[in-house]
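For reference, the structure is listed below as structure tokens.
The values are calculated or read from the model by the stated rules, or taken from the named source; none is laboratory data. Keep in mind the model is a prediction, meaning the values are calculated, not measured. Here the Cβ positions follow ideal geometry from the backbone for every residue, glycine too, while neighbour counts run over all protein chains shown. What goes into the accessible areas is simple: the full protein's heavy atoms, side chains included, and nothing from ligands, DNA or RNA. Shrake-Rupley method; radii C 1.70, N 1.55, O 1.52, S 1.80 Å.
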Amino acid sequence: MPAPAPITQDLLTLPRKLPEGGPVNLVGLTRDGMRDALIAAGTPEKQAKMRTGQVWQWIYQKGVRDFAAMTNLAKSYRELLAETFVIEIPEVVERHVSADGTRKYLVRIAGGHEVETVYIPEEGRGTLCISSQVGCTLTCSFCHTGTQRLVRNLTPGEIVGQVMLARDDLGEWPEPGHHPHDEQRLLSNIVLMGMGEPLYNFESVRDAMKITMDPEGISLSRRRITLSTSGVVPEIARTAEEIGCLLAVSFHATTNEVRDRLVPINKKWNIAELLEALRSYPKVSNSERITFEYVMLKDVNDSDEDAHRLIELIKGIPAKINLIPFNEWPGAPYQRSSNNRIRAFADIIYKAGYASPIRKPRGEDIMAACGQLKSESERARKPRRVEAARL
Ligand code: SAH
Ligand code: SF4
């Protein structure tokens, strides 16, 4: 191995292995990826681990976007970094604040596409709902995002960037001298429940969550991250092994006939196959209970029989059932179940020994509620959807 070159301006003349076409964004690179990029830019291999740690802390622990502010690095090295790299997160183009404090961000990503990110403050915690795709390939008939074609997957930088832009808006980067663990966090939890199916963008979601969990950065525990899937069965075990976060599953029905219509991915992997994958999940990741999401649709899936069938189906799985009153959107082919019906359903499940919280709709006045997210810029409707909605 050649002796490590001193870091000087001369390094700029060395051949580099960085991809062509403009500066590389450091946001979204894994630790290994950042290390490789720093080496390719001329950082001596022997120093690369330490430099990665330093740059990582500036970006993810302190929220710094300007290389010049990285004061524990030599000035010439900062200049080298600034000529080769950028630290960029997606741009917030609209910000709406609901009467209940919920904040919705319309976020523009490369190519002019838009996704939504929602911050939900609660007593003692705050949850950020992030998107993983622009649109969705799936066509769940009650979901507003499902009316939108998949435009593209988000990159890891665009996913972790949503966490960073929310921290910017909340003013939650630590003051110099303060450790991020010192105070109670405004942004304490993450749910992958925005636009898109996270398990159809597995690698990017995984890398972004690894960055979010890294103890030298944003440092959120894996137990504070919940990934929601419609039921991409082959990726469920990988979620436990490679991310280790909590899992929520969009269950929504107790017979294949109804689930086929509500969550069409059921035609590919049916209820029995889904349950089999869920049974081993908590053991693999040593995690807590699985959340079963169940949207309450009037006269579709909300009978007492449904509640009893649900209990039978999930027997043996450590579970909590999250009942979601349907959030209506213009043109939606369903209605929300009545409060009495939702309470009766919850009661049956509760008496069988399961927690059955009814999700409080948040941010409805700004169309920020679950399943309502849809960017105004992407209006292409899916022709299939008309069929899917005909119940
Ligand atoms: N694609 C993933 C995650 C995003 S959706 C998934 O389907 O799980 C997050 C949750 O909101 C899912 O449980 C979804 O079924 C639910 N949802 C979608 N539209 C809704 C609506 N209009 N009202 C209530 N919940 C909805
Ligand atoms: Fe996609 Fe989830 Fe909406 Fe289904 S519920 S269309 S998987 S975002």
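When the helix-only estimate is applied to the chain (DSSP H runs of n ≥ 4, each -39,500 (n - 2.57), divided by the residue count), what is the mean residue ellipticity at 222 nm, nearest 500 deg cm²/dmol?
Values: 10 runs with 111 residues, N = 391.
The helix-only estimate for the chain comes to -8500 deg cm²/dmol at 222 nm.
Run the numbers for Q47 and N256: contour at 0.36 nm per residue of separation, minus the present Cα-Cα distance, in nm.
69.6 nm
Want the number for E288 to N339: 0.36 nm per residue separation, take away the alpha-carbon distance, what's left?
Once the chain is fully extended between E288 and N339, it gains 15.5 nm.
What full-extension length gain, to one decimal in nm, is calculated for S303 and E273 as 0.36 nm per residue of separation minus the Cα-Cα distance? List each step's numbers first, then the result.
Details: separation 30, 0.36 × 30 = 10.80 nm, distance 2.37 nm.
Between S303 and E273, full extension yields an extra 8.4 nm.
Given R₀ = 41 Å, what would the calculated FRET efficiency be for E123 paired with S280, taking r from the Cβ atoms and rounding to 0.05?
Values: r = 34 Å, r/R0 = 0.83.
In this case the efficiency is close to 0.75.
Hey, can you rank 147-160, 118-131 by average C-beta count inside 10 Å, highest first? Spell out each step's value before the answer.
Working: 147-160: 22.7, 118-131: 20.6.
In decreasing order of mean packing, 147-160, 118-131 become 147-160, 118-131.
Could you tell me which residue out of I130, W269, I190 lies farthest along the dipole of the chain toward its positive end? Charges go on the beta carbon: Lys and Arg +1, Asp and Glu -1, centred on the Cα centre.
Sorting the options by dipole projection puts first W269.
Per the Cauchy relation, a quarter of the hull surface: what is the mean projected area of the convex hull of the alpha carbons in the stretch 97-166, in nm²? Spell out each step's value before the answer.
Numbers: hull surface 22.3 nm².
It is 5.6 nm².
Once both axes come from the Cα atoms, what is the angle between helix 156-170 and the longest principal axis of the chain, in degrees from 0 to 90, rounded to 10?
90 degrees
Relative contact order for the chain using alpha-carbon pairs under 8 Å, separation at least 6, rounded to a whole percent?
Contact order relative to length: 16 percent.
Rounded to the nearest whole Å², what accessible area per residue is found for the stretch 91-383 with the 1.4 Å probe?
On a per-residue basis, the stretch 91-383 sits at 41 Å².
Roughly what % of Cα-Cα distances in the stretch 102-258 sit above 25 Å, to the whole percent?
Working: 3572 of 12246 pairs.
Counting every Cα pair in the stretch 102-258, those more than 25 Å apart make up 29 percent.
Return the Rg/Rh ratio of the stretch 91-383 with Cα-based radii and a Kirkwood Rh.
Across the stretch 91-383, the Cα-based Rg/Rh ratio is 0.94.
Any idea what angle helix 304-313 forms with the longest principal axis of the chain, computed on alpha-carbon atoms, 0 to 90 degrees, nearest 10?
Tilt relative to the chain: about 50 degrees.
What is the helix-to-structure angle for 75-84, meaning the angle in degrees between its Cα long axis and the longest Cα principal axis of the chain, kept from 0 to 90 and rounded to the nearest 10?
So the helix axis and the longest Cα principal axis differ by about 50 degrees.
How are the Cα pair distances of the stretch 83-135 distributed, in percent, across 10 Å bins from 0?
It works out to 22, 44, 26, 8, 1, in whole percents.
Would you report the distance distribution of C-alpha pairs in the stretch 36-186 as whole percents per 10 angstrom bin, up to the bin with the largest distance?
It works out to 9, 31, 31, 20, 7, 1, in whole percents.
Calculate what fraction, in whole %, of the accessible area of the stretch 91-383 sits on carbon and sulfur atoms when a 1.4 Å probe is rolled over the protein chains.
Reported share for carbon and sulfur atoms: 49 percent.
When only Cα pairs under 8 Å and 6 or more residues apart are kept, what is the percent relative contact order across the stretch 9-165?
Worked out over the stretch 9-165, it gives 20 percent.
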